[in-house]
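Please read the structure below before turning to the comments.
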Amino acid sequence: MTTSYSNQGDELQSSGHLSASSRGQLDLFDVIALAWSERGFIVLVFAILFAAGATASVLLLKPSYQAHLPLIVMLEDNAAPATAGLGGAFMLDQIMQSESELLNSEAVRRRALASIGPAAVLGEAGLINAEPLALRAMREGFTVTRAPNATVLTASYNAPSADTSARVLNAIVDAYLIFREDVLVEVGFEGLVERRRAADLALVQTQNALDEFLATNDLVSFAADQAAAEASVATLQDRLRTARVDRDAAAAGVTALGTRISNVPSQIELYTENGVTSTLLDLRAERARLLSRYQPTAPAVIAIDREIAAMTAFIATGAPAGQGVIRTGLNPVRQAMETDLAVRQTNARTAAERVIELERQLRTARAEIARLRPLESEFTLLTQSITAATSAAAGLASQEAAAAARRSGTAGAADSVRVFERALPPFQATSMKKLGIIASFVIALGTAMFLGLIRGYWRGYIDARAARPVSAPRQPSNPAQSGPASVPPNPEIMPAIDELADLPVLARIGDRAA
């Protein structure tokens with residue numbers, strides 16, 4: 001009734017091809033035979049795909065922990081809007097829906113995130129755009145459920161860590177209770193107290209930051225030190241200009257006096273010594289000695305008189321002037337000028353040193369101004385922060401006082417929600433690993449079977465048909481079924497029909513039985 005298949009792939013494909021070709025169909029048994037012939041390929045593909053899917057499921061599908069926190073909404077003996085349901089204006093479902101929307105609002109999540117920080121939600125710190133990622137994780141992990149006709153809301157939160165799920169859920173519920181008070185009573189007294197304390201702390205921290213800034217930069221008062229440095233620069237510039245004028249004047253005086261001294265001789269002639277005068281004096285002394293022994297008419301006296309007269313006449317001619325030994329000495333005029341020059345040089349050096357010192361002081365003052373200039377923006381920011389913090393603290397103190405006055409008349413008005421118990425870290429986690437492994441098994445098996453059948457069909461039928469030569473057009477065996485004899489076959493389309501006739505098609509089991 002059916003074609004027999006062996007365990008050998010080639011024989012199975014050959015016999016299956018012949019059987020299917022003879023029937024012109026491919027039934028369920030042929031499909032099973034194709035799958036069995038490609039069992040090795042199917043097992044290999046299945047193993048690879050299943051191993052990859054199972055590994056991905058184990059590594060990528062992390063377990064999650066779900067913490068729960070029940071809340072009960074009180075509808076009696078309460079002045080909050082929730083009690084309006086007793087008068088028929090609001091139904092129970094509407095009240096509970098309002099509380100659910102309030103609990104699941106974005107404002108509550110943002111307040112909770114501000115209280116615990118993004119790192120507590122994400123489990124790690126230092127991430128870029130941590131706040132949007134934390135809000136998205138809170139939005140996806142937080143749910144609120146309620147049983148029908150019940151005034152209990154069950155808040156749940158899924159997180160990769162048990163501690164994280166409990167901590168985030170408690171933070172959300174705490175933020176909800178505070179936010180609900182702000183919305184319903186319009187006071188938010190507790191929030192104002194915390195904000196006022198935070199503002200006071202921020203003011204103290206900002207003032208400490210300013211003090212640390214001044215101490216670090218060796219300043220007493222930034223504005224006063226900056227003004228003193230600028231005034232010092234202006235004063236030093238005036239003094240420097242005056243000192244430079246004095247220095248230049250002293251240097252010019254030294255130069256002029258030096259030029260004058262160079263034109264004055266350092267040595268001058270004091271007197272000149274020669275033997276003519278002394279000879280004349282000796283002759284006169286000799287005549288006086290001769291007169292003591294002789295008469296004036298004595299030859300010896302007359303002879304000495306002639307010598308004296310000749311010497312006197314010689315001196316009278318001026319010939320001996322400038323002759324003899326000349327005695328010279330220091331010029332007192334030049335000495336006085338050199339003393340004055342020394343004084344002037346001392347004054348010039350003093351003026352030059354004064355200019356150098358003033359230039360150094362001016363550079364120091366300018367360097368101080370240059371040091372203070374980059375610090376001005378930070379100082380301005382700190383002073384503005386102190387001003388803003390002072391204003392914020394004063395404003396919050398006023399709001400706190402007003403809220404305290406209003407709160408005395410509405411105490412307990414918004415206290416209509418009770419917490420059964422705080423959320424605790426769950427002991428058991430839920431995981432999608434088993435479902436992931438099962439899905440990997442099903443997908444790997446289906447893919448392997450599909451690829452195996454395609455491969456077996458291609459090898460058993462397509463390749464085998466391409467290897468055979470094209471046969472002549474087949475004629476029907478029963479002449480009665482051949483149709484009218486007057487219609488001859490078209491030789492152009494018969495080869496194409498013959499090629500399609502050899503391709504088996506998938507058939508139902510009922511067709512095979514027929």
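The values are calculated or read from the model by the stated rules, or taken from the named source; none is laboratory data. Predicted, not measured: the structure shown is a model, and the values here were computed from it. Every residue, glycine among them, receives a Cβ derived from its backbone with ideal geometry; neighbour counts consider all protein chains shown.
The rows are residues; the columns are (1) modelled with pLDDT of 80 or more; (2) in a helix (DSSP H, G or I).
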position	(1), (2)
THR387	yes, yes
ALA404	no, yes
ASP415	no, no
PRO425	no, no
LYS434	no, yes
ALA444	yes, yes
GLY483	no, no
Just for the stretch 229-248: of the residues that are exposed (fewer than 14 other Cβ atoms within 10 Å of the Cβ) and among the hydrophobic types (A, V, I, L, M, F, W, C), which one is nearest to the chain's Cα centre (by Cα)? ALA231
Considering only residues of the stretch 69-80 that are at pLDDT 75 or above and crowded, with 18+ Cβ neighbours inside 10 Å, which is farthest from ALA439 (Cα to Cα)? VAL73
Only listed residue being farther than 19 Å from TYR65 by Cβ and touching a residue at least 12 places away in the same chain (Cβ under 8 Å), chosen from ALA134, ALA112, ALA147, ALA130: ALA130
Given the conditions (1) in a helix (DSSP H, G or I); (2) farther than 16 Å from LEU113 by Cβ; (3) at pLDDT 85 or above, which single one is not true for THR145? (1)
Consider VAL168 against the criteria (1) of a type in the set (Val, Ile, Thr); (2) at pLDDT below 85; (3) buried (at least 17 other Cβ atoms within 10 Å of the Cβ): it satisfies all of them except one. Which criterion is unmet? (2)
Condition set modelled with pLDDT of 85 or more and β-branched (Val, Ile, Thr), scope the stretch 321-361, selection farthest from the chain's Cα centre (by Cα): answer is THR339
Given the conditions (1) modelled with pLDDT under 80; (2) among the basic types (Lys, Arg); (3) under 15 Å from LEU453 (Cβ atoms), every one holds for ARG39 apart from (1)
Given the condition in the same structural domain as SER161 (by TED's automatic domain parsing), surrounded by fewer than 14 Cβ atoms within 10 Å (Cβ to Cβ), closer than 30 Å to PHE427 by Cβ and at pLDDT 80 or above, answer yes or no: does some residue in the stretch 93-114 qualify? yes
Does SER156 satisfy the condition of being closer than 22 Å to ARG422 by Cβ, modelled with pLDDT under 85 and out of contact with any helix residue (DSSP H, G or I) (no Cβ under 6 Å at 6 or more places or on another chain)? no
